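Novice: Here's a structure for you.
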Amino acid sequence: MSNMIEDTLSSLKLENTEYRKCIENERSNVKTIAAILNKLSAEDKEIMNKHEMDVFHILAFEQSYLYKQGYIDCVKLLKILGVI
């Protein structure tokens, strides 16, 4: 399954210049962000790390839910069309 996702995202990167640019920007910003985080106090770093993990989990939950909903919608459409 993960290979299918990677292949799909590779296609997206090839087809969508805006997406590709965002990926490039994100990669180049990682070092800058790390330098900024290293200047923070331990407490502030902990807050930033917690926020980053919360955002990661939110996106994972949303992606999973949207994927499941897309699958359900696809099955409904196939039933309406009489395919299944």
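Novice: Let me spell it out: the conditions are (1) open to solvent by 70 Å² or more (accessible area, probe 1.4 Å); (2) assigned to a helix (DSSP H, G or I), and ALA60 meets all of them except one. Which number is the exception?
Specialist: The number of the failed condition is (1).
Novice: Sticking with this one: Which number in (1) open to solvent by less than 70 Å² (accessible area, probe 1.4 Å); (2) among the polar types (S, T, N, Q); (3) at pLDDT below 95 marks the one condition that THR32 misses?
Specialist: Here THR32 clears every test but (1).
Novice: Restricting the first residue to region 67-84 and requiring it to be free of Cβ contacts under 8 Å to residues at least 60 places away in the same chain, which pairs with a second residue that is loosely packed, with under 10 Cβ neighbours inside 10 Å and assigned to a loop (DSSP other than H, G, I, E, B) meet a Cβ separation below 6 Å and a spacing of at least six or different chains?
Specialist: Matching pairs, first to second residue: LEU78/ILE84.
Novice: Which residue, of GLU43, GLU18, is over 19 Å from the mean Cα position of the chain (by Cα), free of Cβ contacts under 8 Å to residues at least 40 places away in the same chain, surrounded by fewer than 10 Cβ atoms within 10 Å (Cβ to Cβ) and assigned to a helix (DSSP H, G or I)?
Specialist: Result of the check over GLU43, GLU18: GLU43.
Novice: I'm told LEU37 meets every condition in (1) of a type outside the set (Asp, Glu); (2) more than 17 Å from the chain's Cα centre (by Cα); (3) open to solvent by 80 Å² or more (accessible area, probe 1.4 Å) except one. Can you identify the failing condition by its number?
Specialist: For LEU37, the exception is condition (3).
Novice: Here is a further query. Are any residues in region 26-51 of a type outside the set (Gly, Ala, Ser) and under 24 Å from LYS13 (Cα atoms), and if so, which ones?
Specialist: GLU26, ARG27, ASN29, VAL30, LYS31, THR32, ILE33
Novice: Considering (1) part of a helix (DSSP H, G or I); (2) open to solvent by less than 100 Å² (accessible area, probe 1.4 Å); (3) not charged (D, E, K, R), say which one HIS51 fails and leave the rest.
Specialist: Condition not satisfied by HIS51: (2).
The values are calculated or read from the model by the stated rules, or taken from the named source; none is laboratory data. What you are looking at is a predicted structure, and each value in this text was computed from that prediction instead of being measured. Counting neighbours? That spans all protein chains shown, and the Cβs are built from the backbone with ideal geometry, glycine included. Ligands, DNA and RNA are stripped out before the accessible areas are found, and what is left, the full protein with its side chains, is counted by its heavy atoms. Shrake-Rupley method; radii C 1.70, N 1.55, O 1.52, S 1.80 Å.
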